[in-house]
Amino acid sequence: MDTVAGTWLTIGAAAARLGVSERTLRRRIADGELTARKQKGRTWVLMADTIATPSGATDNPDTAALLANVAQLTDQVDALRGERDFLRAALAQALTLTQRPAIEAPPRRWRWPWQ
């Protein structure tokens with residue numbers, strides 16, 4: 001396998017990036033699915049920036065096409081995450097604008113109909 005370039009992230013940041021809970025991420029580390037290290041009491045997870053492929057695998061047209069599709073889908077996912085974050089912020093702003101303190105009606109006094 002070729003070397004995998006990556007970024008070291010904390011458990012919380014890596015879980016947020018993958019869209020899973022910290023507990024799930026710790027299970028994946030324990031199962032050996034992810035590379036992690038402990039430094040000064042914090043656990044750091046290696047998040048791959050590129051896909052590891054065997055040397056010469058891109059010579060195969062099928063593999064090259066799949067890698068191109070993966071790159072395109074990764075870009076789409078990043079764009080959708082940005083759109084999601086924008087919509088969440090817009091929704092939060094709309095909710096703060098629509099939440100007004102309730103104005104209570106004055107108590108209604110009972111009256112005789114002829115008064």
Practice task
Mind checking the full-extension length gain between L18 and K38? Use 0.36 nm per residue of separation minus the Cα-Cα distance, one decimal, nm.
Solution key: 5.2 nm
Practice task
At 7 Å along the Cα-to-beta-carbon direction for both L80 and W114, put a label point, then send me their distance in nm to one decimal.
Solution key: 7.4 nm
Fill in the blank from the handout: A correct fewest-to-most ranking of R108, R17 by other Cβ atoms within 10 Å would be R108, R17
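Values quoted throughout were computed directly from the atomic coordinates according to the rules given, and no laboratory measurement underlies them. Treat the numbers as computed from the prediction; the structure is a model and nothing was measured. Neighbour counts run over all protein chains shown; Cβ positions are idealised from the backbone, glycine included.
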